[in-house]
Amino acid sequence: MTVLPKAPPAYPAAPFTIRNERAADVAAREALLDTCFGANRNLRTCQRLRNGQAPADGLAFSAVRQGRMVGTLRFWQVSAGRVPALVLGPLAVDPCCRKLGIGRALMKHALAAAAAHGHGAVILLGDAPYYARFGFSRRKTGELSLPGPFERDRLLGLELREGALDGARGMIVPTGRAAAQSRPRLAAKLRKLVPHAA
Ligand SMILES: CC(C)(COP(=O)(O)OP(=O)(O)OC[C@H]1O[C@@H](n2cnc3c(N)ncnc32)[C@H](O)[C@@H]1OP(=O)(O)O)[C@@H](O)C(=O)NCCC(=O)NCCS
């Protein structure tokens, strides 16, 4: 009698969840971003919109799989040539968990949350072939600029409310609130400039 080898057990892809980012996620998020974008990531033009800023309220998300943070996506409030908008980024998924739909789930969850919070438009700098599947295009970003070098083809927009990017023309600048940890740094800077100040 021939004994057939046992079929290998099927290991279904471990499920993942998307939830709001927590303070305890910081270290894992920073490590994930270093892995995905490299140590020079803080020199990227989009980072200039995020430096010293807190993400838009309620709009920073983590993907968690088997108890480990494996994905991140955040939004930042900006004025896009005087039009209020959100900038999306960074979006990153751990290389060990790609092509499982985590990026898509983060995007869908985050865009729905942004719309639910009443935001009208989202802008990002990224790969058009990836973001087109979520409706992003260059249609209304042609007259917008970023505070640094960028590739025009990668500046993409999505209207969550029809017409929200009409008339968007000019520089994209941050309008969110300052990050909590940037306040002591600011105070230290001020003390250097004005030593007798409290
Ligand atoms: C882009 C990224 C977030 C996608 O995460 P993911 O969890 O693998 O995404 P999904 O599983 O939802 O989708 C995977 C699909 O997107 C495609 N894809 C991934 N990156 C892409 C890109 N830059 N351009 C076009 N398609 C891309 C994959 O080929 C795959 O296609 P398929 O569905 O036909 O197989 C992830 O690859 C990543 O973190 N990359 C490094 C950081 C990065 O580039 N961030 C985005 C800034 S542009």
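Here are the numbers for the structure shown:
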read-out	value
Quarter of Cα convex hull surface for segment 17-190, i.e. mean projection, nm²	10.2
Extension gain from L43 to S145, taking 0.36 nm per residue of separation minus the Cα-Cα distance	35.0 nm
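All of the numbers you see were taken from the coordinates with simple rules; none came from a lab. A quick note: this is a predicted structure, and the numbers were derived from the prediction, not measured.
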